[in-house]
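Worksheet: one structure, shown below.
Quick note: the coordinates plus some simple rules give every number you see, no bench work behind them. Here the structure is a predicted model, which means the values were calculated and not measured. For neighbour counting, all protein chains shown are included, and Cβ atoms are generated from backbone atoms with ideal geometry for every residue, glycine included.
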Amino acid sequence: MSTSDVLFLERKILAAIENAVHILLVTHQKPDGDALGSVLALSHFLESKGKRHKIFCRTPYGNQFDFLSGIDRVTADPVLFSEKRFDLIIVCDSSDLKYAGVEDHLAALPYPMPTLVNMDHHATNTRFGDWVLVDSTASSTTQVLYQFFQDLSIPVTKEMSTCLLTGIVTDTGGFTNPATTFGSLESSASLLLKGAHYNRITTNLVKNKTIPTLRFWGKVMERLEFNPRLGSALTVIKKEDFSDKELDSEAADGIINFLNNLSGVRFVMLLRELYGGKVKVSFRTTDPSMDVSGIAEYFGGGGHAKASGFSIEGRLVRTKEGWLVV
């Protein structure tokens, strides 16, 4: 879209916000820093406008995000879909409504479908909604939001700045992956000038590994295999790996991004057994010529050219040929 088209769209979204009485903010299941940073930055903006709103995320967030201002506003309780009557829903950082975890809830609303806004940066976004603001060149959805605030001369507070920078730090892997561009660095510098707490972000999201967690990582790294034909590296996480009572549910967070630092590898894969008979498959690459989003999209997942994933039914089994999902 041209700059004028983007500005027209942004003004339409702002008008929808100003005309709304009760707003629902939604982000994707198993939320990361970009997911939570985007809805919380919007929440602070809505609060400054005196707008009644709720934040929904289908699954609980990890306690590493407790430092974010307003995090207690996020609920996983679906009862709000029947108890409240929303006239505007804004979905952030989700390529489709299924990934957002609200497809079934919206289909069962006891009132007419509200206006739907889609704000995202995933290349696999399905362009759902009435107003669609998607920029696949942005590092994160929070970068898309920051540009939205800037274009419309909306003041960005310290609390909003920290939320927005959290998303950029998360999706750039701490400024180490290909999403680290002039735009993401420029936005980050501007957010720091506005009072974003960078040290608070890194302390909680980067420098947060415990001894049991690193022991767990060691077990996963021992399984690391290299496929010279594909130029890929792969490792797996079994359900029983979480038998240590000292491990929390976030112990595996960051493994796939750490593996993406490998040299001499075109792409990396992490296969993780989930409870409920599913296996989550994650891809990462720093190879300029590779796009891993297509593989994930084929299996019903999504993501970016350099980071994607999907889930399938099955369990992990070790064979002579390697790890298989059966």
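What is the dipole size for region 1-90, taken about its Cα centre, with +1 at each Lys and Arg Cβ and -1 at each Asp and Glu Cβ, in debye to the nearest 20? It would help to have the intermediate numbers written out before the result.
On the way: 11 positive and 11 negative charges, 56 e Å.
Here region 1-90 has a charge dipole of around 260 debye.
Going by amide H atoms built from the backbone, whose H comes under 5 Å of the H on Gly302, apart from near neighbours?
Those lying under 5 Å, H to H, from Gly302 are Gly309.
Using a 7 Å offset from the Cα along the Cα-to-Cβ direction at both Leu7 and Val317, what is the distance between the two label points in nm, to one decimal?
Output for this residue pair reads 6.1 nm.
For Lys219, list the aspartates and glutamates whose Cα falls under 18 Å from its own Cα; do not include residues on the same chain fewer than 8 positions away.
Counting by Cα, and skipping residues close in sequence, Lys219 has these aspartates and glutamates nearby: Glu240, Asp241, Asp244, Glu246, Asp248, Glu250, Asp253, Glu273.
In the structure displayed, which of Lys239/Lys278; Lys84/Lys278; Lys30/Lys98; Lys30/Lys209; Lys12/Lys158 lie more than 22 Å apart, Cα to Cα? List each step's numbers first, then the result.
On the way: Lys239/Lys278 11 Å; Lys84/Lys278 33 Å; Lys30/Lys98 13 Å; Lys30/Lys209 19 Å; Lys12/Lys158 26 Å.
Distance filter (> 22 Å) returns Lys84/Lys278; Lys12/Lys158.
Classify region 37-139 as rounded, prolate or oblate from the Cα gyration tensor: take a ≥ b ≥ c as the square roots of its eigenvalues, call it rounded if a/c is under 1.5, otherwise prolate when a/b beats b/c and oblate if not. Please list the in-between numbers first.
Values: a/c = 1.35, a/b = 1.01, b/c = 1.33.
Since a/c stays below 1.5, the shape of region 37-139 is classed as rounded.
Among Met160, Met113, Met269, which one shows the highest mean-square fluctuation when the chain is modelled as a Gaussian network with alpha-carbon springs under 10 Å?
Met113
For region 198-264 and region 1-80, write down the distance between their C-alpha centroids in whole Å.
Going from one Cα centre to the other spans 29 Å.
Does anyone have the angle between helix 211-222 and the longest principal axis of the chain? Alpha-carbon axes, 0 to 90°, nearest 10?
It is inclined by approximately 60 degrees.
How big is the C-alpha Rg of region 100-172 next to the rule-of-thumb value 2.2 N^0.38 Å, as a ratio? Could you put the intermediate results ahead of the total?
Working: Rg = 14.3 Å, N = 73, 2.2 N^0.38 = 11.2 Å.
In units of the 2.2 N^0.38 Å rule of thumb, it is 1.28.
Return the equivalent ellipsoid semi-axes of region 211-325 as a descending list in whole Å, where each equals the square root of 5 times an eigenvalue of the C-alpha gyration tensor.
They are 22, 16, 14 Å, listed largest first.
For helix 33-48, what angle does its Cα long axis make with the longest principal axis of the chain, in degrees from 0 to 90 and rounded to 10?
Relative to the chain, helix 33-48 is tipped by roughly 10 degrees.
Using mean Cβ contacts within 10 Å as the protection proxy, how do 43-55, 288-300 order, highest first? Show your work: numbers first, answer last.
Values: 43-55: 17.2, 288-300: 14.6.
Output ranking for 43-55, 288-300: 43-55, 288-300.
Given region 168-254, report the % of alpha carbon pairs whose separation exceeds 16 Å.
Across region 168-254, Cα pairs with separations above 16 Å total 66 percent.
Viscosity 1.002 mPa s, temperature 20 °C: what is the translational diffusion coefficient of the chain from Stokes-Einstein with a Kirkwood Rh over Cα pairs, rounded to a whole number of µm²/s? Before the final figure, lay out each step's value.
Working: Rh = 20.5 Å.
Diffusion coefficient, whole number: 104 µm²/s.
Can you give the calculated 222 nm mean residue ellipticity of the chain, where each DSSP H run of n ≥ 4 adds -39,500 (n - 2.57) and the sum is split over every residue, rounded to the nearest 500 deg cm²/dmol?
On the way: 12 runs with 114 residues, N = 326.
Taken over the chain, the calculation gives -10000 deg cm²/dmol.
Would you list the P(r) distribution for region 111-247, with all Cα-Cα distances sorted into 10 Å bins from 0 and each bin expressed as a whole %?
Values per bin, smallest distances first: 10, 28, 27, 24, 11, 1.
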